[in-house]
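The values are calculated or read from the model by the stated rules, or taken from the named source; none is laboratory data. Remember, it's a predicted structure, so these values are computed and weren't measured experimentally. In this analysis, Cβ positions are derived from the backbone assuming ideal geometry, glycine residues included, and neighbour counts consider all displayed protein chains.
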Amino acid sequence: MQHPRLEAALARAARDLGAADDVTVRLERPRETAHGDLAANLAMVLAQQLGRKPRELAGELVDRLDLQALQIESAEIAGPGFINFRVSRDFLFDGLRHVCRAGRDYGRGDWGAGSRVNVEFVSANPTGPLHVGHGRGAAVGDTIARLLEFTGHDVCREFYVNDAGSQIDKLVDSISARHRQLEGESAAIPEGGYHGEYIVDLARELASDLADELAADASPEGRARVRRRAIERVIEEQRRTLEALRVQFDEFRSETELRESSSIEETVEQLTERGLIYEREGARWLRTTDFEDDKDRVLVKSDGSYTYFLPDIAYHHDKAKRGFDTAIDIWGADHHGYVPRMTAAMRALGLEKEFFEAVIVQLVRIERGGEEVKFSKRAGEFVTLRDLVDEVGADVTRYFFLERGPQQQMVFDLDLAKERSEKNPVYKVQYAHARIRSVYRRGDIDPEGIDFDADLSPLVETSAHEMIKTILGFPEVVEAAARSREPHRITAYLENLANELNSWYHAGTRDASLRVLGQEEAVTNARLVVVRASETVLRNGLELLGIEAPESM
RNA sequence: GCGCCCGUAGCUCAAUUGGACAGAGCACUGGGCUUCGGACCCAGGUGUUGGGGGUUCGAAUCCUCCCGGGCGCGCCA
């Protein structure tokens, strides 16, 4: 719940009492209802600066406020110096009307206006199907992108295709070997090659028109053709899987194309000009230790080829050149060790420390019946992301991945995921939405026609008031989630709202006078306004998560 | 050995970024259930926040040292 006018009034009062001009006032919603609706710790912060007693200061601050004009019912000084405010009903009702009026835009913010953000995620090697870890990264990355868009940023979702490394040669060799095996020849999958069943499928598919190119004595040109086709097919498959998860990208950038451009040379040149590159033992090193990395890093090996790091730097450099103010990468936990060196490299190029940011997503463990479902890529038998989405659906997959903080290792409980009851949090939230839509149908109500400008004083129950306060807290939660890059704040919030809504609603099963429908017109209408506002928040919240808000279930 | 992440109720996780008596959902126990949509509703209680020390009006949150888990530490990608 926000109250900008109260914040401003408090700031003014604080300045009157000698606080600095840039004094910041933060209002919080206390967990304890006895502590009111909004609490200010201002007096305690100020007491330190001014060398005065907090409670005394609190009293003087309150004296300087026009409570009635601010729609504040009461202001109490409590504990060590908190000021606890209780808002008036009119404040809540005005807020509720605002929610209904804003509709799909409720919760939208503009603090990101003018800022261009590149969010890079998944970026899997084009050597096979995506696994569940990629799925978590995809859900998190896409949702962070949605959060940033909703808070006013200009966002680009990007997938970097590592189509240039030696792993691609292994892919081609593996397909070729499988092809020859299918032809009855003896051929072995190369060391470090790919064993999965999908390689056999690829071999079959490509054999229809590239049989000669798959032979052992294929020409380099032939191999290049196989290479292109194989990459194309694998990426296409990955893209479809992601689409099934409702993840779509604005850009696919290819490492091969990057290498063919002059980007890498330009980046090296720029680093050289800055005097940050030196030679040692035949290799060329970047002095990342100047920027808080543990050790310097090799960019060009002694044999003249690039380390993987150099194209990566050039690629991220390119993001800056394309005009992005911020580059956020979603990385798996196994890459966290690379954060300091990439940050250092960006600073070496003269970019702000804040330009590059990595969100580290921890590993996923899949369980069924309390047992881990193993996925071992080497043995070729693994649970792919596709399998998971096919089994439990996009909504559940996304929700489960988003429900926990990215840094938290998580257990994906397949049994719970398939549960179609309120035990399963995603159903609970979706159900709350479906139930609201059902109320409209049952009451033959046009939700667009609900008169939210009408008198709302029939809303007398505290349960309704509490729910309104929750509803009015949505924009803050959205902003906090976007700033901290933590989608799970949204799921936690929605679950809480769904619980409140459900118990408010269920009160009607015990006491008919508490139902929405079938009351005196003014009462029904006022309750419908609450319903409508709840629906708005549930829908907007689910939209942010990329999860459907169903009409019925 | 060094670095990063994590450790919160029996389980899975929160905790408004330093705020007040640490909260939800499962699970558990008891009581309801004649329907605006359910295997549903209501009421219970559960904690030395892994442990010790420190910083301050105030710490799960910051610092430090231990314990335990995960992941990293290539001129591999």
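Is it true that A:Asp294 is at pLDDT below 90 and near RNA strand B (Cβ under 9 Å from one of its atoms)? Working first, answer last.
Working: at pLDDT below 90: yes; near RNA strand B (Cβ under 9 Å from one of its atoms): yes.
For A:Asp294, the condition - at pLDDT below 90 and near RNA strand B (Cβ under 9 Å from one of its atoms) - is met.
Just to be sure, is A:Tyr338 near RNA strand B (Cβ under 10 Å from one of its atoms), over 19 Å from A:Ala482 (Cβ atoms) and surrounded by 15 or more Cβ atoms within 10 Å (Cβ to Cβ)? When the stated conditions are applied, A:Tyr338 passes them. Filtered by the rule that a residue be in contact with a helix residue (DSSP H, G or I) (Cβ under 9 Å, 6 or more places away or on another chain) and surrounded by fewer than 17 Cβ atoms within 10 Å (Cβ to Cβ), the range A:30-59 gives A:Thr33, A:Gln48, A:Leu50, A:Arg52, A:Lys53, A:Glu56, A:Gly59. Restricting the search to the range A:199-213, which residues are more than 38 Å from the chain's Cα centre (by Cα) and crowded, with 17+ Cβ neighbours inside 10 Å? If the condition is that a residue be more than 38 Å from the chain's Cα centre (by Cα) and crowded, with 17+ Cβ neighbours inside 10 Å, then A:Ala207, A:Leu210, A:Glu213 are the ones that fit. Do we find that A:Ala314 is under 13 Å from A:Val268 (Cβ atoms) and either more than 7 Å from RNA strand B (Cβ to nearest atom) or in a helix (DSSP H, G or I) (or both) in this structure? It is true that A:Ala314 is under 13 Å from A:Val268 (Cβ atoms) and either more than 7 Å from RNA strand B (Cβ to nearest atom) or in a helix (DSSP H, G or I) (or both). Looking across the range A:1-49, the residues that are farther than 17 Å from A:Ser88 by Cβ and in contact with a Gly (Cβ under 6 Å, 6 or more places away or on another chain) come down to A:Ala43, A:Met44. Looking across the range A:85-119, just one residue is out of contact with any Ser or Thr (no Cβ under 8 Å at 6 or more places or on another chain), assigned to a strand (DSSP E or B) and within 20 Å of A:Glu7 (Cβ to Cβ), and that is A:Val87.
Taking the criterion of being without any contact (Cβ under 8 Å) to a residue 24 or more places away in the chain, away from RNA strand B (no atom under 16 Å from the Cβ) and in contact with a helix residue (DSSP H, G or I) (Cβ under 7 Å, 6 or more places away or on another chain), the residues of the range A:150-196 that qualify are A:Ala188, A:Ile189. Of the strands (runs of 3 or more DSSP E) contained entirely in the range A:336-455, those carrying at least 2 residues that are more than 30 Å from A:His195 (Cβ to Cβ) and modelled with pLDDT of 90 or more fall at A:356-361. Among helices (runs of 4 or more DSSP H) entirely within the range A:459-553, having at least 3 residues that are more than 8 Å from RNA strand B (Cβ to nearest atom), in contact (Cβ under 8 Å) with a residue 24 or more places away in the chain and in contact with a Cys (Cβ under 7 Å, 6 or more places away or on another chain) singles out A:521-545.
Out of A:Arg435, A:Arg442, A:Arg398, one residue alone is touching a residue at least 40 places away in the same chain (Cβ under 8 Å), among the basic types (Lys, Arg) and more than 26 Å from A:Asn525 (Cβ to Cβ). It is A:Arg398.
If you take the residues in the range A:56-84 that are away from RNA strand B (no atom under 11 Å from the Cβ) and in a loop (DSSP other than H, G, I, E, B), which one is farthest from A:Ile468 (Cα to Cα)? Among those that are away from RNA strand B (no atom under 11 Å from the Cβ) and in a loop (DSSP other than H, G, I, E, B), it is A:Arg64. The number of residues in the range A:354-373 that are within 10 Å of RNA strand B (Cβ to nearest atom) and of a type in the set (Lys, Arg) comes to 1. Given the structure, is A:Thr256 over 20 Å from A:Gln167 (Cβ atoms) and surrounded by 12 or more Cβ atoms within 10 Å (Cβ to Cβ)? No; evaluated as a whole, the condition is false for this residue. With respect to the conditions (1) outside the structural domain of A:Glu255 (by TED's automatic domain parsing); (2) touching a residue at least 60 places away in the same chain (Cβ under 8 Å); (3) touching a Pro at 6+ places or on another chain (Cβ under 7 Å), A:Ser115 lacks only one, and its number is (3). Can you work out which of the residues in the range A:434-451 that are within 34 Å of the chain's Cα centre (by Cα) and of a type in the set (Val, Ile, Thr) is nearest to RNA strand B (Cβ to nearest atom)? Checking each candidate, the answer is A:Val439.
For every residue, the table says whether it meets (1) without any contact (Cβ under 8 Å) to a residue 40 or more places away in the chain; (2) acidic (Asp, Glu).
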| site | (1), (2) |
| --- | --- |
| A:Glu236 | yes, yes |
| A:Arg246 | no, no |
| A:Glu251 | no, yes |
| A:Ser263 | no, no |
| A:Thr267 | no, no |
| A:Arg284 | yes, no |
| A:Val298 | yes, no |
| A:Ser302 | yes, no |
| A:Tyr306 | no, no |
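Counting only residues that are more than 30 Å from A:Val396 (Cα to Cα) and β-branched (Val, Ile, Thr), which one in the range A:245-283 is nearest to RNA strand B (Cβ to nearest atom)?
To start, the set of residues in the range A:245-283 that are more than 30 Å from A:Val396 (Cα to Cα) comprises A:254-283.
Filter again for β-branched (Val, Ile, Thr), leaving A:256, A:264, A:267-268, A:272, A:277.
Numbers: A:Thr256: 11, A:Ile264: 13, A:Thr267: 16, A:Val268: 15, A:Thr272: 18, A:Ile277: 14 Å.
Filtering first and then ranking leaves A:Thr256.
Taking the range A:265-297 as the range and being in contact with a Lys or Arg (Cβ under 7 Å, 6 or more places away or on another chain) and among the hydrophobic types (A, V, I, L, M, F, W, C) as the test, the residues that pass are A:Leu276, A:Ile277, A:Ala283, A:Trp285, A:Leu286, A:Phe291.
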